[in-house]
Every structure is written in structure tokens, then in C-alpha cells.
Amino acid sequence: MIISISGGKGGTGKSTVSTNLAILLQEFTLVDLDVEAPNDHILLNVKLTDGIPVKLFKPKFNHEYCTGCGKCAEVCNDSAIILNREGRPMLLEELCAGCTACKLVCPVEKAIEEDFKVVGYIYENETSYGFKLITGELLEGEERTYKVLLETKRKALKEGKNLIFDTAAGAGNSIFKALEGSDIVVAVTEPTPFGARDLEKILYTTSYLKLKTVIVINKSGIGDEEEIVDLSEKYGYPIVGRIPYSEGVIRSYFSKTPVVKTKLPEAEVFQEIKERILEEVKCS
Ligand code: SF4
Ligand code: SF4
């Protein structure tokens with residue numbers, strides 16, 4: 001079973017929901033796909049170790065063999081190859097998407113050698129709560145989010161059947177890719193105008209992808225929930241839980257003690273959310 005935790009806006013509490021659900025569900029591997037800013041390991045007090053590099057192809061020109069025909073520069077959609085005054089190709093590395101098209105069209109054997117650059121890492125670590133955490137992390141200054149996300153997702157799918165994907169904020173292409181194949185999407189939102197606006201983006205995305213979706217309202221009590229209720233009715237996606245905005249939840253966040261491991265009344269709310277999610281999946 002794949003449960004994806006999403007929500008258009010950043011800071012709505014996706015990671016809080018993901019980590020607490022992972023503790024309650026136990027048999028699941030938690031996968032942090034928020035590769036630009038993964039933070040599940042921080043909430044779970046896990047040190048990321050033994051990262052596997054995510055490598056991207058880049059061409060290495062061998063000027064001994066290169067004839068300067070320019071075909072590699074012509075085919076490059078990212079304008080990552082320029083020809084110098086002598087007509088020799090030069091790589092603008094930060095523009096290279098690693099598609100290998102230049103190598104494929106080059107008519108001269110050995111004129112382009114294979115080289116790689118590391119754009120991120122994938123970590124696989126045990127947590128002290130009895131489940132595994134897989135984390136994708138994009139290197140600072142790198143832009144190949146998609147590549148790191150796909151490799152992390154691929155690795156997770158190879159390793160386990162029961163997965164929780166904690167996705168990034170937003171509703172762009174990489175979120176599409178992260179959500180694809182989910183049995184259920186949990187859209188975490190907050191009762192603010194921005195929360196509702198971004199929730200609609202994610203609900204639109206999941207309805208387009210025909211994915212079963214439920215809504216969790218975090219920080220319940222800080223604002224009007226009417227807009228969220230309207231969206232729930234408009235898309236036919238039920239609200240399966242309201243996590244109150246409380247001092248206890250905030251304290252548990254900063255002390256890195258997951259709410260479900262405290263005696264706070266909110267721990268019960270997470271338990272109910274878990275059960276509602278499982279019921280919804282069973283009904284599909
Ligand atoms: S396509 Fe090959 S031979 Fe032609 S310029 Fe590029 S590297 Fe050189
Ligand atoms: S690998 Fe693709 S993006 Fe990079 S230089 Fe070659 S054609 Fe351009």
C-alpha cells in the first residue's frame with residue numbers, strides 16, 4: 001500500500017503527519033521525497049549516514065578525436081554545449097540535464113566519453129521506532145530535483161510494498177511524479193486563505209490523476225474552516241481529521257518527541273486519522 005502525504009502549501013505539517021503515521025502504522029517504510037528540504041530525519045532524531053550518490057551523466061569531450069562537427073551542440077535542448085573559437089565543444093555544466101543526446105548523435109567514436117556529476121544522495125536508515133526511513137536529498141546549489149526524487153522513489157519501490165511518501169510542497173511536475181501510483185493521498189492543510197488556495201491545487205491534481213484522496217486539517221482552530229469544507233464537498237474528498245493547534249503539539253515538535261509517543265490528547269487524533277485512512281483504502 002502506498003500512502004502519500006501532500007498539501008500544496010509548505011509548513012502545513014506534512015512531515016508531522018507523515019512521521020506520526022509511520023510510527024502508528026509500523027509495517028511501513030517512510031520515504032522523504034521532499035528532496036530540497038528533507039526533514040523527517042530531524043523530527044525522528046535520525047542521523048543520515050551512508051548516502052548513495054545520485055549521479056547524472058555529463059559529456060567529457062576528447063579533443064583528440066573530436067572533429068568539431070557541432071552536432072552535439074545542435075541536439076542539446078538545454079544549450080549546455082557551446083563551440084569555442086576553434087570550433088571545439090565546451091560544456092556549460094550547470095545547464096546540462098544529463099539526457100545523453102549529445103553522446104548518441106556524436107558520429108565519432110571516443111569523441112565523447114561518459115562522465116558523471118553527483119547531484120544528491122539517497123539515505124536508508126533505521127529509526128528508533130522500528131521502521132525504516134529512506135531520504136532523498138538534493139545537493140545544495142543543484143537544480144535536478146526531479147532526478148533525485150525519481151531515484152529515491154525507484155529505490156523505495158524496489159525495497160518495500162508498504163510505503164509512506166512525504167512529498168514536497170507545491171503542485172508541479174515533481175509532485176505529479178511523487179503521487180503517481182499512490183493508493184491514497186492525504187492532503188494536509190491549515191485553515192488559512194493560503195492553506196485553502198493551495199489545497200485546491202493539490203485536490204485538482206489528485207482528481208486529475210484519479211487518486212483517492214482525504215483531507216487532514218492541521219492547526220485546527222486558528223481560522224475559518226468553511227473554505228476547506230466547501231472544497232471537500234466540491235471534490236468529494238472527506239475530511240478525516242482535525243489536529244488542533246495546541247501548545248502540546250508545538251512542544252512535541254521542538255522536543256523531537258512525536259505526538260503519538262506522548263500522552264497528549266492529540267495522540268488520539270492521529271490514531272483516528274490512521275484508522276480513517278485505512279478504512280478509505282479498504283473501501284476502494
Ligand atoms: S558531435 Fe562529437 S565530433 Fe561533433 S563536435 Fe560534438 S563531440 Fe565533436
Ligand atoms: S547530456 Fe543532454 S543536456 Fe547534457 S550536454 Fe548532452 S545533450 Fe546537452
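The values are calculated or read from the model by the stated rules, or taken from the named source; none is laboratory data. Predicted, not measured: the structure shown is a model, and the values here were computed from it. Counting neighbours? That spans all protein chains shown, and the Cβs are built from the backbone with ideal geometry, glycine included.
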Report summary line: Listed by first then second residue, the pairs whose first member lies in region 102-125 and is farther than 20 Å from Lys55 by Cβ and within 15 Å of ligand 2 (Cβ to nearest atom), whose partner is in a strand (DSSP E or B) and not basic (Lys, Arg), with beta carbons under 6 Å and at least 6 positions apart or on separate chains, are Cys106/Ile112
Requested in this report: Among the residues of region 237-268, write down those that are under 17 Å from Ile5 (Cβ atoms) and of a type in the set (Val, Ile, Thr).
Outcome: Ile239, Val240, Ile243, Val249, Val259, Val260
Query raised in the report: Applying the selection to region 45-72, what residues are hydroxyl-bearing (Ser, Thr, Tyr) and either more than 8 Å from ligand 1 (Cβ to nearest atom) or surrounded by 14 or more Cβ atoms within 10 Å (Cβ to Cβ) (or both)?
Result: Thr49
Query raised in the report: Among the helices (runs of 4 or more DSSP H) contained in region 99-201, which hold 2 or more residues that are at pLDDT below 95 and farther than 28 Å from Gly11 by Cβ?
Result: 145-159
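Listed here are the residues, each with its yes/no results for (1) under 21 Å from Glu137 (Cβ atoms); (2) over 11 Å from the mean Cα position of the chain (by Cα); (3) touching a residue at least 40 places away in the same chain (Cβ under 8 Å).
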| residue | (1), (2), (3) |
| --- | --- |
| Phe165 | yes, no, yes |
| Ser174 | yes, no, no |
| Ile184 | no, yes, yes |
| Thr189 | no, yes, yes |
| Thr192 | no, yes, no |
Query - Flag if Val75 is under 16 Å from Tyr253 (Cβ atoms) and either within 16 Å of ligand 1 (Cβ to nearest atom) or buried (at least 22 other Cβ atoms within 10 Å of the Cβ) (or both) - result: no
Report task. For region 108-116, indicate whether the set of residues that are surrounded by 18 or more Cβ atoms within 10 Å (Cβ to Cβ) and within 16 Å of ligand 1 (Cβ to nearest atom) is non-empty. Result -> yes
